[in-house]
Amino acid sequence: MSPCSMDRILDLLVDLSGSFLLYFESDTIYGVIMAESKFDEAIAELDQAGASMRCSSLSTLLIALGFEVKDGKRGGHKVFTHDHIPGFYSAAYNCDHGKNPEIKRPYINKVKKTLKQHESAIRAYLKQQ
């Protein structure tokens, strides 16, 4: 790996939106561009959601991972499926009422647990895309 000048690293930070890992060896800074996967970004977003998350944000996150999100039988209920995860049929979450309602933390945790449970299949699917 060749060393990067500080100016070049700053240019990379400005020009690219990926994640960066900088490490030091003696007085030389080495820069490595680390591209986070969609899966890692999704888990990070769920972790940072706090007490709640907007319904549209969670739907967008799941769709980016290859899930199909549909309205459930009752208002505010959402069901998500994924055709490329063996043994996974569906899971659900509940949105509050109103325009772009929030999802409470227990439902966010449930979605995160489902994603982690099927992590390898989701990552394999994303690599094929």
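Read the figures in this text as sums done on the coordinates, not as results from a lab. Because the structure is predicted, anything quoted here is derived from the model rather than measured. No Cβ is skipped: glycine too gets one built from the backbone with ideal geometry, and neighbour counts run over all protein chains shown.
In region 69-86, which residues have a backbone nitrogen under 13 Å from the label point lying 7 Å from Ser120's Cα in the Cα-to-Cβ direction?
Within reach of a label on Ser120, which here means backbone N under 13 Å from a point 7 Å along Cα→Cβ, region 69-86 contributes 86.
Between beta-carbons, use under 10 Å as the cut-off and find the net charge around Arg123, counting Lys and Arg +1, Asp and Glu -1.
0
Distances over 22 Å make up what percent of all Cα-Cα pairs in region 38-128?
The proportion of pairs with Cα distances above 22 Å equals 20 percent.
Mind checking the dipole of region 38-128: about its Cα centre, +1 per Lys or Arg Cβ, -1 per Asp or Glu Cβ, Debye to the nearest 20?
Values: 15 positive and 10 negative charges, 52 e Å.
Approximately 240 debye in magnitude.
List, in the order given, every pair from Lys73/Lys116; Lys104/Lys127; Lys70/Lys127; Lys38/Lys99; Lys73/Lys104; Lys38/Lys113 whose Cα-Cα distance in the structure shown is over 22 Å.
Correct reply: Lys73/Lys116; Lys104/Lys127; Lys70/Lys127; Lys38/Lys99.
Within the set of other residues whose C-beta is less than 15 Å from the C-beta of Gly75, count the net charge using Lys and Arg as +1 and Asp and Glu as -1.
Result for the local shell: +2.
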